[in-house]
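Heads up, the thing below is written out as structure tokens.
The values are calculated or read from the model by the stated rules, or taken from the named source; none is laboratory data. Keep in mind it's a predicted model, so treat the numbers as computed, not measured. Note: ideal-geometry Cβ built from the backbone for every residue, glycine included; neighbour counts use all protein chains shown. Just so you know, the surface numbers come from the protein's heavy atoms only, side chains and all, with ligands and any DNA or RNA stripped out. Shrake-Rupley method; radii C 1.70, N 1.55, O 1.52, S 1.80 Å.
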Amino acid sequence: MKRVPVIVLGAGGVGQALLRQIVDGRSLHASRNKIQFDVVAVADSNSLRWESNGLTDIQLGDIIAAKKMGMPVNPEGCRQKRLTGKRPSNLDIIDFAPAAELKNVIVVDITAQAGMEPVIDRALDYGYSVVMANKKALAGPWDTAQLYFNHRRIRHESTVGGGQPVIATLRTLLDTNDVIHEIEGQLSGTLGYICQQLDRGVAFSQAVAQAKANGYTEPDPREDLGGRDVMRKVMILGRMAGWPLEEDDIGVESLYPAEMAALSVPKFMKAAAALDEAMRERVDAAAAEGCVLRYTAVLSQNGGTVGLKAIPADSPLANLKYISFRTGRYNDEPLLIGGKGAGVEMTAAGVLGDMVDLAREM
Ligand SMILES: NC(=O)c1ccc[n+]([C@@H]2O[C@H](COP(=O)([O-])OP(=O)(O)OC[C@H]3O[C@@H](n4cnc5c(N)ncnc54)[C@H](OP(=O)(O)O)[C@@H]3O)[C@@H](O)[C@H]2O)c1
């Protein structure tokens, strides 16, 4: 049995689902791939649980239960942090691994943090592997980010399309000498939901409120409405395709104006009603042309756009969460990947698939 130590940074919705899937998948991983994942560390923003031999499944269950109740992964560690003002930094956590003589470690970044690059770099320097669900390092300045593309010991399937095999498909196209001409997609399940509510005549502010109430948006819905997360996703695909694009190369339409950026969340939720009329006019204008509005990303070698676009209502693309690749081989008829968008279980499954892939190659 190949024992693979795993450091999990982030224990939110996706992190908890991943820990559960690791536990539930134990016998499958043993019989199918002769792999055992030893979760040696789980960290959240405040605390760390560390066990060099791997946390037991009961301990992992306790961590999941604690997080579901809004508690830290390690209440004792949190208390120590309050006393000493210190929780080991993520760099410290990576350093614990060679100190414990761990080899072939997989470090998983399922935080939503910016600035994880030094942690990723340290892990790579030790010869460890990295799986990212967090897009920010891949979508940072190209100078830093380029190291992470096509790296033998990095996987990031979940950064685009949740668990759908989007990255794997693009990698196969590139490995088989296809040339990518254009990438298009509806890359946000949250914005897809809001657009479908608009089709049904729901006011924009109400659609946002419903999406928030259903837990589809970030706690601050402007994180979704601003379009930057979609921009990061399409940028990752474009960079994989060989285009060293930067943020400025991609025009992003925010669905709220700059003057609403500084409002508190409750104030923004109220103020959003001011956007209803203009949005209704756009929906109606699209409908008059037989179209629906969809928040769409389009990218090619020289850049692209992210924003609302009118799509013929009878096109399958109007009802699909899809990503399309127009390539040398798939030119007249682009290659489409569609299906259920991201959710924590799908995303965690994408992370786990990456871990298995890396472990198989060790
Ligand atoms: N949710 C999805 O469907 C989905 C789909 C695709 C990709 N993703 C990506 O996956 C990542 C995780 O998503 P999520 O929904 O699980 O987010 P989340 O619920 O906000 O969880 C983030 C976790 O990261 C922890 N964290 C924050 N700062 C940290 C630090 N410096 N070191 C270690 N941990 C830290 C947080 O700690 P606390 O618990 O203490 O706050 C929390 O446990 C994000 O990058 C997201 O964009 C998510």
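Here segment 62-83 is the region considered, the condition is being of a type in the set (Gly, Ala, Ser) and either open to solvent by less than 20 Å² (accessible area, probe 1.4 Å) or modelled with pLDDT under 90 (or both), and the residue that is farthest from residue 94 (Cα to Cα) is 66. Answer with yes or no whether residue 151 is open to solvent by 30 Å² or more (accessible area, probe 1.4 Å), away from the ligand (no atom under 16 Å from the Cβ) and within 18 Å of residue 305 (Cα to Cα). Judged against the criteria, residue 151 is not a match. Restricting attention to segment 151-209, the residues that are among the aliphatic types (A, V, I, L, M) and in contact with a Ser or Thr (Cβ under 8 Å, 6 or more places away or on another chain) total 7.
Within segment 127-186, the set of residues being free of Cβ contacts under 8 Å to residues at least 24 places away in the same chain and either among the β-branched types (Val, Ile, Thr) or not in a loop (DSSP other than H, G, I, E, B) (or both) comprises 143, 168, 172, 175, 176. Which residue out of 131, 40 is touching a strand residue (DSSP E or B) at 6+ places or on another chain (Cβ under 9 Å), over 30 Å from residue 249 (Cβ atoms), open to solvent by less than 10 Å² (accessible area, probe 1.4 Å) and not basic (Lys, Arg)? After applying the criteria, what remains is 40.
Rundown of residues vs (1) closer than 30 Å to residue 334 by Cβ; (2) buried (at least 17 other Cβ atoms within 10 Å of the Cβ); (3) more than 16 Å from the ligand (Cβ to nearest atom), yes/no style:
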residue	(1), (2), (3)
192	yes, yes, no
198	yes, yes, yes
207	yes, yes, yes
213	no, no, yes
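Looking at 254, 205, 264, can you tell me which residue is among the polar types (S, T, N, Q), out of contact with any helix residue (DSSP H, G or I) (no Cβ under 8 Å at 6 or more places or on another chain) and at pLDDT 95 or above? None of the others qualify; the one that does is 264. Would you confirm, using the coordinates I've provided, whether residue 168 is away from the ligand (no atom under 16 Å from the Cβ) and more than 25 Å from residue 41 (Cα to Cα)? In short, no.
Checking each residue in segment 317-348 for being closer than 26 Å to residue 14 by Cβ and open to solvent by less than 50 Å² (accessible area, probe 1.4 Å) picks out 322, 323, 324, 325, 337, 338, 339, 341, 343, 347, 348.
Residue 128 falls short on exactly one of the conditions (1) near the ligand (Cβ under 10 Å from one of its atoms); (2) closer than 15 Å to residue 7 by Cα, and that condition is (1). Checked against (1) within 11 Å of the ligand (Cβ to nearest atom); (2) open to solvent by 70 Å² or more (accessible area, probe 1.4 Å); (3) touching a residue at least 40 places away in the same chain (Cβ under 8 Å), residue 93 passes all but condition (2).
Residue count for segment 326-362, restricted to those that are assigned to a helix (DSSP H, G or I) and either within 18 Å of residue 173 (Cβ to Cβ) or not aliphatic (A, V, I, L, M) (or both): 8. Restricting attention to segment 1-11, does a residue exist that is farther than 14 Å from residue 355 by Cβ and either out of contact with any Asp or Glu (no Cβ under 9 Å at 6 or more places or on another chain) or among the hydroxyl-bearing types (Ser, Thr, Tyr) (or both)? Yes, some residue in segment 1-11 is farther than 14 Å from residue 355 by Cβ and either out of contact with any Asp or Glu (no Cβ under 9 Å at 6 or more places or on another chain) or among the hydroxyl-bearing types (Ser, Thr, Tyr) (or both).
Could you count how many residues in segment 349-358 are open to solvent by 40 Å² or more (accessible area, probe 1.4 Å) and more than 15 Å from the ligand (Cβ to nearest atom)? The qualifying residues number 1. Counting the residues of segment 46-72 that are in a helix (DSSP H, G or I) and within 14 Å of the ligand (Cβ to nearest atom) gives 6.
The numbered conditions (1) over 23 Å from residue 175 (Cα atoms); (2) loosely packed, with under 15 Cβ neighbours inside 10 Å; (3) more than 10 Å from the ligand (Cβ to nearest atom) are all true for residue 115 except (3).
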